[in-house]
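In what follows, a single structure is set out as structure tokens and then discussed.
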Amino acid sequence: FRNGSHQVLLATDLAARGIDVPSLDYIIHYHLPLRPEEFVHRNGRTARMNASGTAYVLHWSGDRLPDFIRISTDRLVINQADLKESPTPQAAAWTTLYISGGRKDNISKGDIAGHIYKQGVLEKGQLGVIELKGDCAFVGVPRSDVKRLVTVLDNTRIKKRKVRIYEV
């Protein structure tokens, strides 16, 4: 989500509490939680750090909404609408590469960026977010370049460490 390579996240309540995404534009409740705290927490994924977002609830017209969804509150606006068909969104312009080396291998974000820019022959601005973990890294790259980058970069060395690189 950080680099725009994915547009949809389907999550359970457990995953909804553990995801670390700065902000989501909207949440769609296709199955309502049993407790009001879970409902509030799910919706909070859209409004982190002064961001705004919209929460949608899908339900059949004859179904009753739980008591914790109140229509007459200042902060909750409920609009009813019928679902309409719409075109499928285009694929994201970015995708994510997995790199099999990380901090434990003394690899830094700068090492990864330099390697991809130099060996992958990318222009400035063609590299997305780099997320460095202990034993691996993830980096956003343009979807149009991913096959070429994987072919050129897989089984190469970053700081004397041979790494595997593939699309996630």
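Worth pointing out:
- Criterion applied to Ile107, Ile116 was being farther than 21 Å from Gln7 by Cα, open to solvent by less than 20 Å² (accessible area, probe 1.4 Å) and either free of Cβ contacts under 8 Å to residues at least 12 places away in the same chain or outside any loop (DSSP other than H, G, I, E, B) (or both), and the one residue passing it is Ile116.
- Candidate set: region 86-104, residues that are assigned to a strand (DSSP E or B) and within 16 Å of Leu153 (Cβ to Cβ); chosen: the one most open to solvent (accessible area, probe 1.4 Å): Tyr98
- Restricting attention to region 124-155, the residues that are of a type outside the set (Lys, Arg) and either open to solvent by 80 Å² or more (accessible area, probe 1.4 Å) or in a strand (DSSP E or B) (or both) add up to 12.
- When residues of region 32-67 are limited to those that are among the charged types (D, E, K, R) and surrounded by 13 or more Cβ atoms within 10 Å (Cβ to Cβ), the one farthest from Leu10 (Cα to Cα): Arg48
The values are calculated or read from the model by the stated rules, or taken from the named source; none is laboratory data. Owing to the predicted nature of the structure, the values given are computational and were not obtained by experimental measurement. Note that we place each Cβ from the backbone using ideal geometry, even for glycine, and neighbour counts take in every protein chain shown. Please note that ligands, DNA and RNA were not included when accessible areas were found on the heavy atoms of the full protein model with its side chains. Shrake-Rupley method; radii C 1.70, N 1.55, O 1.52, S 1.80 Å.
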